[in-house]
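Asker: First the structure, then my questions, so here it is.
The values are calculated or read from the model by the stated rules, or taken from the named source; none is laboratory data. Everything numeric in this text was worked out from a predicted model, so none of it was measured. So basically every Cβ, Gly included, is an ideal-geometry build from the backbone, and we count neighbours across all protein chains shown. All accessible areas refer to the heavy atoms of the entire protein, side chains included, with ligands and DNA or RNA removed. Shrake-Rupley method; radii C 1.70, N 1.55, O 1.52, S 1.80 Å.
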Amino acid sequence: NAAVQIGAFSSTAVADREYAAVAARFPQFARNATKRVQEVTASNGSTVYRTTFTGLSAADARAFCAAIQAGGGDCLVR
């Protein structure tokens with residue numbers, strides 16, 4: 001399975017809000033995905049919440065990320 005990371009945010013509240021916004025904007029991709037928010041330590045020592053749509057096929061993940069980027073957003077296929 002592949003995943004699309006949409007960012008690393010300052011709080012779980014921001015992570016949840018950003019996930020919901022991307023899911024609402026791209027329901028054709030998001031409906032088959034599962035939300036994952038991971039607490040990680042950034043290189044500067046701060047805590048961030050890495051937010052990812054998981055459980056996608058590799059082709060769907062690539063298409064999803066391409067759609068996000070075409071709309072001016074950032075993402076990373078994992």
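Asker: Just the number, please: carbon plus sulfur as a percent of the accessible area of the chain, 1.4 Å probe, no ligands or DNA/RNA counted.
Answerer: Values: 2070 of 4410 Å².
C and S fraction of accessible area: 47 percent.
Asker: Could you tell me the calculated FRET efficiency between R17 and D74, based on Cβ-Cβ distance and R0 = 22 angstrom, to the nearest 0.05?
Answerer: After rounding, the FRET efficiency stands at 0.90.
Asker: When the chain is modelled as a GNM with alpha-carbon springs shorter than 10 Å, which of F64, F26, F53 fluctuates the most?
Answerer: F26
Asker: Residue by residue through region 35-50, which ³J(HN,Hα) values in whole Hz follow from phi under the Karplus form 6.51 cos²θ - 1.76 cosθ + 1.60 (θ = phi - 60°), with glycine and proline marked x?
Answerer: Working through the residues one at a time gives 7, 10, 10, 10, 7, 9, 9, 6, 4, 8, x, 7, 8, 10, 10, 6 Hz.
Asker: Continuing with the same structure: Among 41-50, 10-19, how do they line up by average Cβ neighbours within 10 Å per residue, starting with the highest?
Answerer: Ranked by mean Cβ neighbours within 10 Å, highest first: 10-19, 41-50.
Asker: Whole number in Å², please: accessible area per residue of the chain, 1.4 Å probe, ligands, DNA and RNA not counted. Display every interim value, and only then the final one.
Answerer: Details: 4410 Å² over 78 residues.
On a per-residue basis, 57 Å².
Asker: May I have the extent of the alpha carbons of region 3-70 along their three principal axes, as whole Å values ordered from largest to smallest?
Answerer: That works out to 35, 22, 20 Å along the principal axes.
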